[in-house]
């Protein structure tokens with residue numbers, strides 16, 4: 001009967017236990033994240049943290065239940081919570097973009113394309129009244145906003161012929177590939193009032209044509 005050399009086995013160090021399994025590594029990782037979260041996160045400021053009537057802790061974002069604060073904090077560092085948090089922030093960003101700025105005219109368009117071609121994205125462009133061939137004569141008080149997506153026919157909306165504000169945060173476009181909804185919000189710049197030059201003053205005296213200075 002041959003003896004087994006435990007000290008010289010692969011992955012074994014003198015005085016240590018057997019190599020850790022993947023499950024043990026995961027448990028150690030969760031514990032490390034839990035300790036880190038306890039040191040850095042203030043649960044009183046977490047809008048998704050809630051204690052229920054039986055003393056357990058709930059994540060209102062992911063709809064999960066946890067037996068203690070440490071379990072909840074470990075959950076907040078996991079993939080599911082981080083993914084839902086990113087989606088929530090994107091939704092809030094989109095909703096904040098939809099809220100119009102005070103004293104500014106804005107238009108919001110939401111176009112459904114449930115049968116859009118696989119991998120395709122909608123697009124838009126502005127068209128002047130002189131480019132279109134539907135209305136004659138062209139009305140210069142308006143312009144057109146066109147939407148196109150295969151296999152749909154191009155559609156157009158008649159909008160005021162005002163300058164579109166393209167500064168940061170004033171023009172929003174988004175294609176939701178899951179809901180198949182194309183959203184555009186635009187703001188118009190304020191029309192500036194130009195001060196006309198003063199009219200020349202009417203002379204009060206006239207000199208004869210032959211007069212010379």
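The values are calculated or read from the model by the stated rules, or taken from the named source; none is laboratory data. Note that the coordinates shown come from a computational prediction; the quantities given were computed from them, not determined experimentally. Here the Cβ positions follow ideal geometry from the backbone for every residue, glycine too, while neighbour counts run over all protein chains shown.
List of remarks:
- Residue pairs meeting the criteria (Cβ under 8 Å; at least 6 apart or on separate chains; first on the phi > 0 side of the Ramachandran plot and in contact (Cβ under 8 Å) with a residue 60 or more places away in the chain, in the range 166-186; second surrounded by 14 or more Cβ atoms within 10 Å (Cβ to Cβ) and not in a loop (DSSP other than H, G, I, E, B)): 169/97
- Of all residues in the range 67-88, those being at pLDDT 90 or above and either touching a strand residue (DSSP E or B) at 6+ places or on another chain (Cβ under 7 Å) or part of a strand (DSSP E or B) (or both) number 1.
- If only residues of the range 40-56 that are part of a loop (DSSP other than H, G, I, E, B) and at pLDDT below 85 are counted, the one that is nearest to residue 82 (Cα to Cα) is 41.
- Residue in the range 173-180 that is touching a helix residue (DSSP H, G or I) at 6+ places or on another chain (Cβ under 7 Å), outside any loop (DSSP other than H, G, I, E, B), modelled with pLDDT of 90 or more and closer than 19 Å to residue 111 by Cα present: yes
- Of the candidates 57, 157, 130, the single residue that is surrounded by 11 or more Cβ atoms within 10 Å (Cβ to Cβ) and not assigned by TED's automatic domain parsing to the domain that holds residue 28 is 157.
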